[in-house]
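The values are calculated or read from the model by the stated rules, or taken from the named source; none is laboratory data. Keep in mind the model is a prediction, meaning the values are calculated, not measured. We place every Cβ from the backbone using ideal geometry, glycine too, and count neighbours over all the protein chains shown.
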Amino acid sequence: MPENRARKHHQDRVAETLRLEIGIMIDGELSDPRIHNCYVSEVALNPGAKSARVYVAVDPAVKDIVQAEKDTVAGLEAAKGYIRYELKERMAVRNVPDLAFLADRSGRFQARIEELMDRSRKRNKYAPEPEPVPKTEEPVSVPVEEKAP
């Protein structure tokens, strides 16, 4: 069991390092105009560390966020070779996992769920309270027969 914890801890550290380094590259080094204002929200490393899914969240202030997500992912996919080369140099490792860039929509979904929950709370706040159902009969207790040993 301890070796599994050590392996998991190592993968978590590598994933966090990838997240930080790719975020730094997006902020300052990549000049592709398709890449909008975004940040790396999560890096999911597969168990063999041969590939990683990089989730990128785009700034929600953009007018057409769906198109901005598509453009950003396309720009990052185009720069994948440069990103992998830089990661290899910065992390001083032999093998850098294959990167797959995906748009992280969890923030938008969470905001939509919050909006729907607020609507539901407001609707229930102003809805009339249901009347209590009157009890007509008292429950009758039935004696339980005991078995002889």
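In region 98-110, the residues that are farther than 22 Å from Ser51 by Cα form Cβ pairs under 6 Å with partners that are not in a helix (DSSP H, G or I), at six or more places apart or across chains, as follows: Gly107/Ala57.
So which residues in region 39-61 are of a type in the set (Gly, Ala, Ser), under 18 Å from the mean Cα position of the chain (by Cα) and more than 15 Å from Thr72 (Cα to Cα), if there are any at all? Those that are of a type in the set (Gly, Ala, Ser), under 18 Å from the mean Cα position of the chain (by Cα) and more than 15 Å from Thr72 (Cα to Cα): Ala44, Ser51, Ala52.
Just to be sure before I move on: is Ala6 surrounded by fewer than 16 Cβ atoms within 10 Å (Cβ to Cβ) and not hydroxyl-bearing (Ser, Thr, Tyr) in the structure I sent?
Yes: the conditions hold for Ala6.
Among the conditions (1) touching an Asp or Glu at 6+ places or on another chain (Cβ under 8 Å); (2) on the phi > 0 side of the Ramachandran plot, Asn37 misses just one, which is (2). Of the residues examined, Arg53 is not one that is among the basic types (Lys, Arg), surrounded by 14 or more Cβ atoms within 10 Å (Cβ to Cβ) and touching a Gly at 6+ places or on another chain (Cβ under 7 Å).
Quick check on Gly48: is it loosely packed, with under 14 Cβ neighbours inside 10 Å and either at pLDDT 90 or above or outside any strand (DSSP E or B) (or both)? Yes: the conditions hold for Gly48.
Taking the criterion of being modelled with pLDDT under 90, more than 12 Å from Cys38 (Cα to Cα) and touching a helix residue (DSSP H, G or I) at 6+ places or on another chain (Cβ under 8 Å), no residue of region 54-90 qualifies. When you look at Arg108, is it part of a helix (DSSP H, G or I), of a type outside the set (A, V, I, L, M), surrounded by 13 or more Cβ atoms within 10 Å (Cβ to Cβ) and modelled with pLDDT of 85 or more, yes or no? Considered against the rule, which asks whether it is part of a helix (DSSP H, G or I), of a type outside the set (A, V, I, L, M), surrounded by 13 or more Cβ atoms within 10 Å (Cβ to Cβ) and modelled with pLDDT of 85 or more, Arg108 comes out as no.
Hey, any hits in region 22-38 for a residue that's in contact (Cβ under 8 Å) with a residue 60 or more places away in the chain, more than 15 Å from the chain's Cα centre (by Cα) and surrounded by 13 or more Cβ atoms within 10 Å (Cβ to Cβ)?
For region 22-38, residues in contact (Cβ under 8 Å) with a residue 60 or more places away in the chain, more than 15 Å from the chain's Cα centre (by Cα) and surrounded by 13 or more Cβ atoms within 10 Å (Cβ to Cβ): present.
Within region 80-94, residues that are without any contact (Cβ under 8 Å) to a residue 24 or more places away in the chain have Cβ atoms under 7 Å from residues that are β-branched (Val, Ile, Thr) and in a loop (DSSP other than H, G, I, E, B) in these pairs: Arg84/Val96; Lys88/Val96, counting only partners at least 6 apart in sequence or on another chain.
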